[in-house]
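One structure below.
The values are calculated or read from the model by the stated rules, or taken from the named source; none is laboratory data. Because the structure is predicted, anything quoted here is derived from the model rather than measured. Quick reminder, even Gly has a Cβ in these numbers, built from the backbone with ideal geometry, and neighbours come from all protein chains shown. The accessibility values were calculated without ligands, DNA or RNA, using every heavy atom of the protein model including side chains. Shrake-Rupley method; radii C 1.70, N 1.55, O 1.52, S 1.80 Å.
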Amino acid sequence: MDTTTPAAIDPPANVLLVHSRRAAPNACEELCYDDSDTAHLAVTFADEEPDCPDEEAIDGPLGQLTIGEVLTDAGDESEPDFTRPVVTDSVTDPTDLSAIGVAVSRFCKHWDETGGEITICFDSLDALLRHSSPKEVFQFAHVLTNRLSSVDAYAHFHFDPARHEDRVISTFGTIFDAVVADDETHESLPEATDEDVAALLAEWDEESTVDTGSDAVTEATDEDIARTLGN
């Protein structure tokens, strides 16, 4: 699998950030814009509500989407309050890929209408794989990255390769514009041919066809995500 560095990527782009969970890579910070015109969304999996930064200390709009059982005052049914500098939202069921996709898309839709830049840190795809099948997560990532491309977002998705077959990592890599790996995992990243990818997709579901080429769908709305990923 060919890899690159954050400095070599021309945003907007969707980036797969491959690294061990033992340490957060510096590339994560490098893959985010850092100015007052940029809205940043952090998607995390947690057992409790994430720490909310001091609203006076942040430069631009900040979104926090937490997946899993979280402790919130507002509850799941409340709509995100985009009038605040820090916008929070949550999806309690990590297997509900449709709800996760719609929640991310909601942030994108609002911020795209304001005309600013958008960066997204999705931490992580391997967390999704603990709750859903590889096929379902692959389809989710495929649709979501196309949605992010439609709003010119600069997004990166964390992926820990430790518990996955080499060809699974390579197959997910085909979705993204670029792959970045830390020094520890760079040398061990596998190569996958088109035949390898096709064979794995066929194993996941022989009756399903997923297009990963350049002619894939270029835009997905909230409804597209719900329809594609819903049960």
*For C32, tell me the accessible area in Å² from a 1.4 Å probe, rounded to the nearest 10.*
30 Å²
*Accessible solvent surface per residue of the range 74-135, calculated while the other protein chains remain in place, 1.4 angstrom probe, Å²*: 43 Å²
*Can you list the residues of the range 145-170 with backbone N under 19 Å from a point 7 Å past the Cα of E203, pointing along Cα to Cβ?*
160-170
*asked:* When a/c reaches 1.5 or more, the comparison of a/b and b/c decides; with that in mind, is the range 87-203 rounded, prolate or oblate per its Cα gyration tensor?
replied: prolate
*Any chance you could look up the accessible area of H164 with a 1.4 Å probe, heavy atoms only, rounded to 10 Å²?*
50 Å²
_Exposure rank, largest accessible area first [Y154, Y33; 1.4 Å]_ = Y33, Y154
_Quick check: pseudo-label points 7 Å beyond the Cα along Cα→Cβ at F82 and D37, how many nm apart are they?_
1.9 nm
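List the trypsin sites (Lys or Arg not before Pro) within the range 64-153 that fall in a DSSP loop (any state other than H, G, I, E or B) and whose Cβ has at most 15 other Cβ atoms within 10 Å.
Hits after loop and neighbour filter: R130.
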